[in-house]
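What follows is one structure encoded as structure tokens, with my remarks underneath.
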Amino acid sequence: MHEATFAASDEETAERVFHSTVSDAAKLALQANVKQLYLTHISARHTEEEQRLMLEQQAQTIFISRVESGWRFRRIRYLNPYYFKKADTMSDHKTHFGFSTVDEDEKAGKVAEVFHSVAKNYDIMNDVMSGGLHRVWKHFTINTARLKKGDKVLDIAGGTGDLSRGWAKRVGKEGEVWLTDINSSMLTVGRDRLLNEGMILPVSLADAEKLPFPDNYFNLVSVAFGLRNMTHKDAALKEMYRVLKPGGTLLVLEFSKVYKPLEGVYDLYSFKLLPIMGKLIAKDADSYQYLAESIRMHPDQETLKQMMLDAGFDSVDYHNMSAGIVALHKGVKF
């Protein structure tokens, strides 16, 4: 884990602080020019052009910690995707957040809040919401992959580690499986679960739209129930294509368009029952309302297939499961 610590200055109040453990008192106590601190760090590691692009796109997630005699900013992972931008520099481009329309620059933060909220109860809610079917869908995905001992696998939006665990068993000790997620709370839950099972895998807090891996590196890339939350799905798919070796495969397991005769019942379940379950079990109805809405806004089977082809994949097909509630898309890079 790469770590760098910066002393806080007294120039201006930090615009945003993304970490659930930060107290209000700590936020009020700290003043810092976040952009300058970030620029100071990246200037030692990147060219001027890279710095310009990084500043335009995103800064780092920063949280506050007590260090020695004073408050300081500590950046815990250089891969973090969040941003600190002035209101007058926000993007004019819009995107969806569930059924709402938001600035593209805001979506990552809003999605992060959802998954920080649901992380601890994520597995329980998955079991309740799907009646345990999510385990069947993931099992099918794992057994669909053509993997051999020693292969390299990237699990994007890996969350609590279900697929990573399966991939690790498939590739053996000779292989390499990376568990990644853009959300620190989800990644922490997944990492701790795997460690408790005696499974030590490399873990990275990474943005799928800017993967920190070399070209042509992995035999398999997987993303389960994460693509629909990405702001620029086309960019993420291109990144997944980039890091795959020729002959490599992308597996996208995601909610999709249910068969038409079931739409009414499915809508009733999603928009009436699901938020109630979220409120009773996870104490968070709003996050599960968003999850239901995000499923409806996700591209259907044929649209996602075309998006994968447009991203560069030479062959794409898909398999519907549970009457189209979910679909597994498979893209091959020749």
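Overview of results
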{"item": "Counted charge near Ala224, where neighbours are those whose Cβ lies closer than 10 Å (Asp, Glu -1; Lys, Arg +1)", "result": "-2"}
{"item": "Other-chain or far-sequence residues with amide H under 5 Å of Gly248's (modelled H)", "result": "Lys333"}
{"item": "Loop-located chymotrypsin sites (Phe, Trp or Tyr not before Pro) in segment 189-276 whose Cβ has at most 15 other Cβ within 10 Å (DSSP)", "result": "Tyr259"}
{"item": "Residue-wise HN-Hα coupling along segment 137-144, computed from phi with Karplus coefficients 6.51, -1.76, 1.60 (Hz; x: Gly, Pro)", "result": "4, 5, 4, 4, 4, 4, 7, 6"}
{"item": "Additional length obtainable on full extension of the chain from Leu280 to Asp127, 0.36 nm per residue less Cα span", "result": "53.6 nm"}
{"item": "Global geometry of segment 227-269, whether rounded, prolate or oblate, following the gyration tensor of its Cα atoms and the 1.5 cut on a/c", "result": "prolate"}
{"item": "Arg191 accessible area, assembled protein chains, probe 1.4 Å, Å²", "result": "80 Å²"}
{"item": "For segment 124-190 versus segment 197-265, the gap between their alpha-carbon centres in whole angstrom", "result": "11 Å"}
{"item": "Residues listed by number, segment 242-276, amide nitrogen under 13 Å from Asp215 label point at 7 Å toward C-beta", "result": "242-246"}
{"item": "Cα gyration tensor, segment 101-247 - rounded (a/c under 1.5), prolate or oblate", "result": "oblate"}
{"item": "In order through segment 306-320: 3J(HN,Hα) via Karplus (6.51 cos²θ - 1.76 cosθ + 1.60), integer Hz, x for Gly, Pro", "result": "5, 4, 5, 5, 5, 6, x, 5, 7, 9, 9, 9, 8, 10, 7"}
{"item": "Phi to ³J(HN,Hα) by Karplus 6.51 cos²θ - 1.76 cosθ + 1.60 over segment 239-249, Hz, x for Gly, Pro", "result": "5, 4, 4, 4, 7, 7, 6, x, x, x, 10"}
{"item": "Three-way shape call for segment 188-334 based on the alpha-carbon gyration tensor, with the a/c threshold at 1.5", "result": "oblate"}
{"item": "Glu197-Lys173 pseudo-label distance in nm [points 7 Å out on the Cα-to-Cβ vector]", "result": "1.9 nm"}
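The values are calculated or read from the model by the stated rules, or taken from the named source; none is laboratory data. Just so we're clear, the structure is a prediction, and the values are computed from it rather than from any experiment. Cβ sites come from the backbone with ideal geometry, for glycine too, and all protein chains shown count toward neighbours. Ligands, DNA and RNA are excluded from the accessible area calculation, which covers all protein heavy atoms including side chains. Shrake-Rupley method; radii C 1.70, N 1.55, O 1.52, S 1.80 Å.
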